[in-house]
Amino acid sequence: MRYLELLFVFILFFSVSFSQNREETRNDIVKDKKSGEIVRGKNVAYKVVKGYVYSEITNVVITDSVRRFDRFDWLHVPKKMREQIEEIVFKHIKPEDLRLPCMGDWLLVNFILNEDLKIEKISFGVQHNEGDFWINLPVDRYHEIEKEMMKLVPVIEEKDKKLIREMDFKNGAFCTLKITYDKYLYEKLKAEESVKKK
C-alpha cells in the first residue's frame, strides 16, 4: 500500500512539474497564438484577436476595446505626437530583439484620444506573418509601451489644432499609427547600442 502511495506522489509531482514547464515556454509572445487566446507576461495579460489583415492584442484589463479591424474611419496622429509615440516604442526595443527586418514589418498602435488629449484604450496590431518582428516581442514590452503612452502629454503644433477641434471626442477620437521596423531603424538602433557600449 505504501508503494502505491509513493508511486502516486511521484506521478503527481512529475505531472505538476511538466505542466509548469510547458506553461513557461515562451507563452509571453504573440507568435503562434490563436484568435481568442490569452498571452501572459509577468504583470499583464493580452487577448489576441485575429482580423483579415492583422491580429490585435489588447490588454484584458482595459474594457471596451478599440478594435476596429480593417476600417478606415481612423484619424491621422498629429506629427509631433506621432514622433513622441515612435520614440516610446523604439525605446523599448532591446539589443537582443534586433534582427534584419522582413519586408514591411509594421506595428499598428491604436488608441482613443480623449478631450483632455490623454491617450486611453490602447491596442496593438501585428501582422499574421510568422517572420514578423513585432509578434516575437514579449507582451511585457507592449505593457511598458502602453503605460508610458498613457502618461504622455502630447505636443500639438499650431497647424494640428484644427484637426484636434474636428475630432469626435464624444464617441472617442480613434487614432491609429503605423510604425515600421525597417533596415534604417535596425541600423540606427545598432549604432545607438554600439555607442552605449563604448
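What follows draws every value from the coordinates through simple rules; no lab data is involved. Treat the numbers as computed from the prediction; the structure is a model and nothing was measured. With ideal geometry, Cβ positions are generated from the backbone for all residues, glycine too; neighbour counts draw on all protein chains shown.
Here are the numbers:
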item: Label-to-label distance, nm, for residues given as Lys79 and Lys170 (7 Å Cα→Cβ offset); result: 3.2
item: Contour excess over end-to-end distance, with Cα ends at Lys31 and Val60 and 0.36 nm allotted per residue; result: 8.6 nm
item: Estimated FRET transfer efficiency when R0 is 41 angstrom, pair Arg99-Glu120 (beta carbons, to 0.05); result: 0.80
item: Extended-chain gain in nm, criterion 0.36 nm per residue less alpha-carbon gap, Phe90 and Ser194; result: 35.9 nm
item: Estimated inter-spin distance, Lys147 and Val53, nm [label 7 Å along Cα→Cβ]; result: 3.2
item: Euclidean distance of C-alpha centroids, region 114-191 and region 36-63, integer Å; result: 16
